[in-house]
1. So which residues in the stretch 1-23 are more than 16 Å from the ligand (Cβ to nearest atom) and out of contact with any strand residue (DSSP E or B) (no Cβ under 9 Å at 6 or more places or on another chain), if there are any at all?
2. Look through Asp203, Asp212, Asp242 and report the one residue that is at pLDDT 95 or above, under 22 Å from Phe124 (Cα atoms), open to solvent by less than 70 Å² (accessible area, probe 1.4 Å) and touching a Ser or Thr at 6+ places or on another chain (Cβ under 6 Å).
3. Please enumerate the residues belonging to the stretch 49-67 that are exposed (fewer than 13 other Cβ atoms within 10 Å of the Cβ) and of a type in the set (A, V, I, L, M).
4. Output the residue which, of all residues in the stretch 226-237 that are part of a loop (DSSP other than H, G, I, E, B) and surrounded by 13 or more Cβ atoms within 10 Å (Cβ to Cβ), is nearest to the ligand (Cβ to nearest atom).
5. Go through the stretch 68-126 and give me each residue that's surrounded by 20 or more Cβ atoms within 10 Å (Cβ to Cβ), more than 19 Å from the chain's Cα centre (by Cα) and farther than 19 Å from Val45 by Cα.
6. Within the stretch 15-47, work out how many residues are out of contact with any Leu (no Cβ under 8 Å at 6 or more places or on another chain), more than 17 Å from Ser147 (Cβ to Cβ) and surrounded by 20 or more Cβ atoms within 10 Å (Cβ to Cβ).
7. Might you check whether a residue that is touching a Phe, Trp or Tyr at 6+ places or on another chain (Cβ under 8 Å), within 16 Å of the ligand (Cβ to nearest atom) and of a type outside the set (D, E, K, R) occurs anywhere in the stretch 155-174?
8. Given the conditions (1) outside any loop (DSSP other than H, G, I, E, B); (2) within 15 Å of the chain's Cα centre (by Cα), which single one is not true for Thr218?
Amino acid sequence: MLGYDIVLLDVEGTTTPISFVHEVLFPYILDNVDQFLKAKWRDPVVQEHVRAIADQTNKDAQAGIVHATPIDLDADTPEVIRQKVAANVNWQMKADRKIAALKGLQGYMWRFGYASGQLQGVMFDDAVEAIKRWSTDCKVFIYSSGSVEAQKLIFGYSDHGDLLPYISGHYDTNIGSKQESQSYTKIAEDIGVLPKRILFISDNENEIYAADQAGFQTVVSVRPGNPLLTEATKKNYKLTSDFMELL
Ligand SMILES: [Mg+2]
């Protein structure tokens, strides 16, 4: 019998290599944004995203940000608008800006990327096997700083097929920061179980400390490419690089 009723999983560095975001998802946007806008220029949703990016860019330009090229939706030709949007998306992503207008367009592009088979969520084999096993004996939830929509794409279009049937629910930072213990308290309340009956797995030690403080069981995920752990974490917490050990 398992010593927990719920498994709460982080994604990046836990079920999925950290490199997936930086080496697959981000380059997909940078390589395809111009072509995507061209192909779907008449799509009203694309037009909404273009307007949002233009508004943001014009605000940035007014604020004196040199990389922001103002976009005039009335005077510029569609081709010029497309090029400027692509250039603006490019510098914003390189500057790692977390801006709603950028996130909106990225999310829309990723949805097409996954649905067309150009993108697949990368999962560690043992994570998939463990998720399938856990789903029969307990319940699996996800808690990631990626949006719930992005999580559903990664798991729904994974390189191991559709994993959503094995997952009982998703949380993102709408419930609170992953580094604050109250977020974990809220998740336990929302699921309706005692914190001590939840096992949280993450590669990030600050997230582990926050969950621990909320009374969760914790395991630190050790995967290739993850940030190094402090000696204190290695000494005081359980570590794993194979989730099947936890079953
Ligand atoms: Mg992580």
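The values are calculated or read from the model by the stated rules, or taken from the named source; none is laboratory data. Model, not experiment: these values are computed from the prediction. Cβ atoms come from the backbone with ideal geometry, glycine included; neighbour counts cover every protein chain shown. Areas reflect the complete protein model, heavy atoms only, side chains present, ligands, DNA and RNA absent. Shrake-Rupley method; radii C 1.70, N 1.55, O 1.52, S 1.80 Å.
1. Our first condition is that a residue be more than 16 Å from the ligand (Cβ to nearest atom); within the stretch 1-23, this holds for 1-6.
Across the stretch 1-23, the qualifying residue is only Met1.
2. From the options Asp203, Asp212, Asp242, the qualifying one is Asp203.
3. Ala63, Val66
4. Asn226
5. Hit for the stretch 68-126 is Ala68, nothing else.
6. Of the residues in that region, 2 qualify.
7. yes
8. (2)
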